[in-house]
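Below: the structure, in structure tokens.
All of the numbers you see were taken from the coordinates with simple rules; none came from a lab. Since the model is a prediction, treat every value here as computed from it, not as a measurement. Cβ placement follows ideal geometry from the backbone for every residue including glycine, while neighbour counts extend to all protein chains displayed.
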Amino acid sequence: MGHKKVERIDPLTRKLPPFGMDSHAHVNDARFDADREDVLARAQAVGIVTILNIFGDPLAFAEEKHVFDNHPEVFFALGVHPCDGLTWNNEVESALCDALANEPRIRAVGEIGLDYYWKDCPHETQMAVFSRQIAIAKEMHLPIVIHCRDAVTECLHLLTVNACQGYPVLWHCFGGDATLARRIVENGWMISLPGPVTYPANTVVREALPSIPKERLLVETDCPYLAPHPHRGTRNEPAYTVFTIEAMANALGCDKESLWRTCGDNGRAFFGIGL
């Protein structure tokens, strides 16, 4: 029996009021080099007015950021991903601190954390680099964007020992259950939902949504990864947040336009961005 063909719905047919925010994107990725301007135009057309783009290489940041020179709606986060922990040295740390101090469009340190799924970097190195970047973020009074994969216990422990309870922390790409959601919320942190919340089999995340107060909730793409249904398996892009917010609203039994604005306003408040 063959698989039923999925209809690739144009996100422009689901456009929403101009209050949306993609709270975690990688539009600087080379996979957008051929059509980045079109991607950003589609984002605006569906109702996204703010994008938080993540940069992962402090040494390359000064050059990479220029792709957004004509896009004031795009703001930045900068940090060394846990899988790249072996690149950390004094030069990288100096470049990170310099960028954080001098680039006003940087609104967070991230994505930083722990990733025990991939074997690119020893756990001890990841933990050391994560702790150092937490300290830098706190010294600079900047929010923290967390990447955590297969390391929830360890990540929560490091955030605790580094006194992050009540500090502005965003748990990016949430894929956990209601117990984890409540733990994050109890620490005063924010939670961002990506495209997989739309996948039919992903009931655990949808069931966790009511445990997250709406004022703590954001929406993201993590593009070019994790495209939502009905674009799963293709390159993700900010415009596809319209499908993610629809699934979130359905799970919560609320109006998608209201949730769209709430998540956008939450993200802008968290990152200190005016509309």
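Among residues of the range 200-213 that are buried (at least 17 other Cβ atoms within 10 Å of the Cβ), those with a Cβ under 8 angstrom from a residue that is aromatic (F, W, Y), sequence gap 6+ or separate chain, pair up as V205/F174; A208/F174.
Among the residues of the range 1-55, what is the count of those that are of a type in the set (G, A, S), closer than 26 Å to R105 by Cα and either in contact with a Phe, Trp or Tyr (Cβ under 6 Å, 6 or more places away or on another chain) or surrounded by fewer than 17 Cβ atoms within 10 Å (Cβ to Cβ) (or both)? Final tally of qualifying residues: 5. Within the range 34-51, residues that are touching a residue at least 24 places away in the same chain (Cβ under 8 Å) reach partners that are among the basic types (K, R) and assigned to a helix (DSSP H, G or I) with beta carbons closer than 8 Å, at six or more positions or on different chains, in the pairs V46/R14; T50/R268.
Report, by residue number, each residue of the range 82-99 that is surrounded by 22 or more Cβ atoms within 10 Å (Cβ to Cβ) and in contact with an Asp or Glu (Cβ under 9 Å, 6 or more places away or on another chain). The answer is P82, G85.
Answer yes or no: is there a residue in the range 254-265 that is outside any helix (DSSP H, G or I), out of contact with any helix residue (DSSP H, G or I) (no Cβ under 6 Å at 6 or more places or on another chain) and of a type in the set (D, E, K, R). Within the range 254-265 (the criterion being outside any helix (DSSP H, G or I), out of contact with any helix residue (DSSP H, G or I) (no Cβ under 6 Å at 6 or more places or on another chain) and of a type in the set (D, E, K, R)), the answer is yes, since at least one residue qualifies.
In the range 113-134, the residues that are under 13 Å from D150 (Cα atoms) reach residues that are hydroxyl-bearing (S, T, Y) and surrounded by 15 or more Cβ atoms within 10 Å (Cβ to Cβ) with C-beta atoms within less than 7 angstrom, at least six apart or across chains, in these pairs: H123/Y116.
Taken over the range 213-249, the residue count meeting the criterion of being among the polar types (S, T, N, Q) and in contact with a Pro (Cβ under 6 Å, 6 or more places away or on another chain) is 3. Any chance the range 76-93 includes a residue that's in contact with a Lys or Arg (Cβ under 7 Å, 6 or more places away or on another chain), closer than 30 Å to D10 by Cβ and either not in a helix (DSSP H, G or I) or not β-branched (V, I, T) (or both)? Yes, the range 76-93 contains a residue that is in contact with a Lys or Arg (Cβ under 7 Å, 6 or more places away or on another chain), closer than 30 Å to D10 by Cβ and either not in a helix (DSSP H, G or I) or not β-branched (V, I, T) (or both). For R235, indicate whether it is part of a loop (DSSP other than H, G, I, E, B) and either charged (D, E, K, R) or surrounded by fewer than 16 Cβ atoms within 10 Å (Cβ to Cβ) (or both). In short, yes.
Screening D115 with (1) in contact with a helix residue (DSSP H, G or I) (Cβ under 7 Å, 6 or more places away or on another chain); (2) surrounded by fewer than 21 Cβ atoms within 10 Å (Cβ to Cβ); (3) not hydrophobic (A, V, I, L, M, F, W, C) gives one miss only, at (2). Name the residues in the range 41-64 that are in a helix (DSSP H, G or I) and touching a helix residue (DSSP H, G or I) at 6+ places or on another chain (Cβ under 8 Å), would you? If the condition is that a residue be in a helix (DSSP H, G or I) and touching a helix residue (DSSP H, G or I) at 6+ places or on another chain (Cβ under 8 Å), then R42, A43, A45, V46, F61, A62 are the ones that fit. The set of residues in the range 1-40 that are among the hydroxyl-bearing types (S, T, Y) and either in a loop (DSSP other than H, G, I, E, B) or under 18 Å from the mean Cα position of the chain (by Cα) (or both) contains only S23.
Of all the criteria given as (1) of a type outside the set (A, V, I, L, M, F, W, C); (2) within 30 Å of M127 (Cβ to Cβ); (3) outside any helix (DSSP H, G or I), the one not satisfied by H71 is (2). The set of residues from the range 180-199 being in contact (Cβ under 8 Å) with a residue 12 or more places away in the chain and farther than 21 Å from E237 by Cβ comprises L180, A181, R182, R183, I184, V185, N187, G188, W189, M190, I191.
Which count do you get for residues in the range 118-132 that are under 17 Å from L78 (Cα atoms) and surrounded by fewer than 22 Cβ atoms within 10 Å (Cβ to Cβ)?
Adding up the residues that qualify gives 2.
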